[in-house]
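Colleague: Got a structure for you, questions after.
Please treat every number below as a calculation from the coordinates, not as lab data. All values reported here derive from a predicted model rather than from experimental measurement. Quick reminder, even Gly has a Cβ in these numbers, built from the backbone with ideal geometry, and neighbours come from all protein chains shown.
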Amino acid sequence: MKRDRTFLLRFSILLALLLGLLFSAESFAGTADTDFSAIVTKLNDWATGTLGRVLALAIFVVGIAMGIVQQSVIAAAVAVAGALILNYGPPIITGIIAAVV
């Protein structure tokens, strides 16, 4: 029984390594693609520009108002988190996606 588990474990590791080597070229699939670059640029400009700041401010104000109405800090905390994600998220996402190992 133990021998079967050891064989299965070794086979699984070997299979994972072989599949990793086989599909390693797929990890660079997003580096040369320019099909959606225009829409990515437009959305990134919107999110990091004036529109993104207005939306972040609106989320913040609505969250603070909801927190006052509900007498809870949770709504304000969610609003602050949403505003921070909208403001700082696109550069982080772009950096993660554009990173080449």
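Colleague: Listing ASP35, ASP45 from the residue with the fewest other Cβ atoms within 10 Å to the one with the most, what is the order?
Modeller: Details: ASP35 7, ASP45 13.
In order of increasing Cβ crowding within 10 Å: ASP35, ASP45.
Colleague: Scan the chain and hand back the longest stretch that contains none of the chymotrypsin sites (Phe, Trp or Tyr not before Pro) lying in DSSP loops with at most 16 other Cβ atoms within 10 Å. Please list the in-between numbers first.
Modeller: Details: sites that count: PHE23, PHE36.
In the chain, the maximal stretch lacking such sites is 37-101.
Colleague: For helix 50-70, what angle does its Cα long axis make with the longest principal axis of the chain, in degrees from 0 to 90 and rounded to 10?
Modeller: Between helix and principal axis, roughly 70 degrees.
Colleague: Rounded to the nearest 500 deg cm²/dmol, what is the calculated helix-only ellipticity per residue at 222 nm for the chain, with -39500 (n - 2.57) per DSSP H run of length n ≥ 4?
Modeller: Numbers: 4 runs with 79 residues, N = 101.
After summing the helix terms and dividing by the residues of the chain, the value is -27000 deg cm²/dmol.
Colleague: Treating only the Cβ atoms of Lys and Arg (+1) and Asp and Glu (-1) as charged, compute the dipole magnitude of the chain about its Cα centre; round to the nearest 20 debye.
Modeller: Numbers: 6 positive and 5 negative charges, 107 e Å.
Value, rounded to 20: 520 debye.
Colleague: Can I ask one more? (i) 20, 17, 10; (ii) 44, 25, 7; (iii) 35, 18, 9: which one is semi-axes √(5λ) of the Cα gyration tensor in Å as calculated from this entry?
Modeller: Comparing each candidate, only (ii) matches the computed number.
Colleague: Round to the nearest 10 and give me the degree value, 0 to 90, for the angle of helix 74-98's Cα axis relative to the longest principal axis of the chain.
Modeller: 50
Colleague: Could you work out how far helix 37-48 tilts from the main Cα principal axis of the chain, as a 0 to 90 degree angle to the nearest 10?
Modeller: Approximately 40 degrees, to the nearest ten.
Colleague: Putting +1 on Lys and Arg Cβ atoms and -1 on Asp and Glu Cβ atoms, find which of LEU8, ALA79, GLY67 reaches farthest to the positive end of the dipole of the chain.
Modeller: Sorting the options by dipole projection puts first LEU8.
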